[in-house]
Amino acid sequence: MKPFGIWKYLLILIILSFGIIYALPNLYAPDPAVQVSYNDSTQIHDRKLQQRLTKVLEDGELSNGVPEVEIHKKYALIRLSSAEEQLRVKDLLSSVGDDLIVALNLAPTTPEWLENIGGEPLKLGLDLRGGVHFLMEVDTETALSNRQNGTLLDIRRKLRDEKIRYNSLFVEKDQTIRLKVTDEAVFESATELLEDNYPQFVIGYTQAGDQFNISLSLSEDEIDQIEADAIDQNLTTLRNRVNELGVSEPIVQRQGKKRIIVELPGIQDTAEAKKILGKTATLEFHLEAEYDTPRTRKTSYPHRDTRLGVSELQDQIIIGGDQVATAQASFDESGLPQVNITLDGAGGARMHRATRGNIGKRLGVLFVEQKNKTTYQRGADGNRVAVQQTFETKEIISLATIRAALGTQFRITGLDSPQESSELALLLRAGALAAPMRFVEERTVGPSLGQDNINAGILSMQLGMTLVLLFTLFYYRVFGVAASLALGTNIILLVAIMSILSATLTLPGIAGIVLTVGMAIDANVLIFSRIKEELKQGTEPLQAIDQGYDKAFLTILDANLTTLLVAVILYSLGTGPIKGFSVTLSIGILTSMFTAIVGTRGFIYLIYRNKKNPSRIAI
């Protein structure tokens, strides 16, 4: 027989040890838990929060006593013994305060030594373990308002470029743009400009004495299009934010005219997901209002640094967060957190135009955040009913003097912490929401296919493995033992790799594992059949083993590469369940080739390497 080097046996042992260690976390079932975190990312989760939650739990008179409140860096965690107790504790804590986010969770019980080396259990999808389900409603009225405000700025710029003087230009509450002039020649020039550049509007004209009024109203088709664009942009932004969270196989899809469904299978940090998805955090850039320009519409906003009080900014928005191309968190020369921002082409041009004529004046950076507040009221039946309200906060995070005309790149300072700068950069990088959203429904999803179907899927895998093992042991004897050991190793390696990659296992994924079992044995069947053919041709037994592995290798390689290519295409083009199937199939193909070719060969060589010219082998 050809020599099978010691290094090859060491390689097999190292890979097997690796697989066993990183598959071990899956033996530790997670605890039902309730996770609590501050709505404001700058707040520190400390002993004060722990005492606050413990007091509520003590007053709740729980049947199993007061559970321990664990304080982690980004949240507080309460481990519980049952799903019923988990729901009871969540209900108790939901009324603690509006500054907290309370969410159901599954807390891992992985030993610390495994966590320290990156070991974590395999995530299960919505159809196996469940996950988080959000139903969100888009505020399309705000989308219309934002669009009209942007059009207002564009009209103002065009009137200025054409040197057309006007008395007033504003947006009314019904989203109609009003332009008022007192000169007939100016009226005619303004009318021609608006009709040529804004065909999407229904333009109306009225005259009252010497005053000419022009109104621009959106048509019904245009309103429908703006609302549809807002939904599409929010869908894209939510998908980007989900990708930032690292969730596998998420579902983000539209429901009805104004609602979006977000399902996050197997996610661990549900509170962080809700905080990131629900925030409509963005930036607005305004020039500081000057007291000698009384016609300029202005609003007072508080500074984030409360010591600075309030300042007045012009209502006109220079650019918004939707024109941010990239955003990265970093630190300035003094070691304070900042966000480096790059605008898109249109945003950079608008920023340059606004700042080149205002050097020496101050530019305000307004942090705008949409928040949700949940209150509880007594319903007609006497039970508590959750009522969700949406409110908006606006704070000035920077008000700095313009030293030179700004372009596409600049930085935002005045942030409270590195965590806040990272979160703001994430939200801006993922894209701005076209309109605010509110959570209409939040719930934890149980196995959608039912526990019976889950058990049936697991049973099919167990039954398939058992039948394959019995067949190989009966038909191939000692070689069947090698194939059985290789199959078990293959499953261990597959689970370990999926755990490391944080891949989500779904019911279609189990189907991929079942198929992998068949393909793993198929490779050994090809090898063993080739060995039998060599024996029938009179080849010496030990030489027949070498010939069987060598001659079957190319056939096995071709078959597995073809299947792997199909799995990659399925992953690229498919969604949801199709991706779950292709992930397990792809990993299974790679692990099965190693175990079926290298693993079984090492086992067979270990048995026959010291036997000189045996007359027969057990196959």
Between a first residue in region 390-411 that is surrounded by 15 or more Cβ atoms within 10 Å (Cβ to Cβ) and a second residue that is acidic (Asp, Glu), which pairs have beta carbons less than 7 Å apart while being 6 or more apart in sequence or on different chains? Leu399/Glu288
Filter pass, Tyr38 being among the hydroxyl-bearing types (Ser, Thr, Tyr) and within 29 Å of Glu395 (Cβ to Cβ): yes
Matching residues in region 570-599 (open to solvent by 30 Å² or more (accessible area, probe 1.4 Å) and among the polar types (S, T, N, Q)) number 2
Cβ-Cβ below 8 Å, separation at least six or inter-chain, first residue in region 60-84 and more than 15 Å from Pro30 (Cβ to Cβ) and of a type outside the set (A, V, I, L, M, F, W, C), second part of a loop (DSSP other than H, G, I, E, B) and open to solvent by 80 Å² or more (accessible area, probe 1.4 Å): which pairs? Asn64/Ser81
So, in region 512-550, of the ones that are of a type in the set (Gly, Ala, Ser) and modelled with pLDDT of 85 or more, which residue ends up farthest from Ile587 (Cα to Cα)? Ala544
What tally of residues in region 1-32 results from selecting those that are within 26 Å of the chain's Cα centre (by Cα), small (Gly, Ala, Ser) and modelled with pLDDT under 90? 1
Of (1) touching a residue at least 24 places away in the same chain (Cβ under 8 Å); (2) open to solvent by 30 Å² or more (accessible area, probe 1.4 Å), Leu469 satisfies all except one. Which? (1)
Do we have Met461 as modelled with pLDDT under 85 and either assigned to a helix (DSSP H, G or I) or open to solvent by 30 Å² or more (accessible area, probe 1.4 Å) (or both) here? yes
Please name all residue pairs, on different chains or six or more residues apart, with Cβ atoms under 6 Å, provided the first residue is in region 546-569 and is open to solvent by 80 Å² or more (accessible area, probe 1.4 Å) and the second residue is part of a helix (DSSP H, G or I). Lys551/Arg530
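Table: residues versus (1) more than 40 Å from the chain's Cα centre (by Cα); (2) open to solvent by less than 70 Å² (accessible area, probe 1.4 Å).
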residue	(1), (2)
Ile117	no, no
Pro121	no, yes
Leu124	no, yes
Ser145	no, yes
Asn149	no, yes
Lys158	yes, yes
Val171	no, yes
Phe187	yes, yes
Ala208	yes, yes
In region 512-540, anything out of contact with any Leu (no Cβ under 9 Å at 6 or more places or on another chain) and within 20 Å of Leu487 (Cα to Cα) is listed as Val514, Gly518, Asp522, Ala523, Val525, Leu526, Ile527, Phe528, Ser529, Arg530, Ile531
Can you tell me which of (1) in contact with a helix residue (DSSP H, G or I) (Cβ under 6 Å, 6 or more places away or on another chain); (2) surrounded by 16 or more Cβ atoms within 10 Å (Cβ to Cβ) is the one Ile500 doesn't meet? (2)
So which pairs qualify, if the first residue must be in region 493-511 and over 10 Å from Lys123 (Cα atoms), the second must be acidic (Asp, Glu), the Cβ gap must be under 8 Å, and the two must be at least 6 apart or on different chains? Leu507/Asp127
I'm checking my understanding of the structure. Among residues of region 210-224 that are among the hydrophobic types (A, V, I, L, M, F, W, C) and more than 43 Å from the chain's Cα centre (by Cα), which one is nearest to Thr176 (Cα to Cα)? Ile214
With the checklist (1) at pLDDT 85 or above; (2) among the charged types (D, E, K, R); (3) within 25 Å of Thr109 (Cβ to Cβ) in hand, flag the one item Glu84 doesn't pass. (1)
Look at Asn167 and say whether it is out of contact with any Asp or Glu (no Cβ under 8 Å at 6 or more places or on another chain) and open to solvent by 40 Å² or more (accessible area, probe 1.4 Å). yes
Selection from region 212-224 of residues among the polar types (S, T, N, Q) and surrounded by 14 or more Cβ atoms within 10 Å (Cβ to Cβ) yields Asn213, Ser215, Ser217
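The values are calculated or read from the model by the stated rules, or taken from the named source; none is laboratory data. Computed from a predicted structure; not experimentally measured. Cβ sites come from the backbone with ideal geometry, for glycine too, and all protein chains shown count toward neighbours. Calculation scope for accessible area: heavy atoms of the full protein, side chains included, ligands and nucleic acids excluded. Shrake-Rupley method; radii C 1.70, N 1.55, O 1.52, S 1.80 Å.
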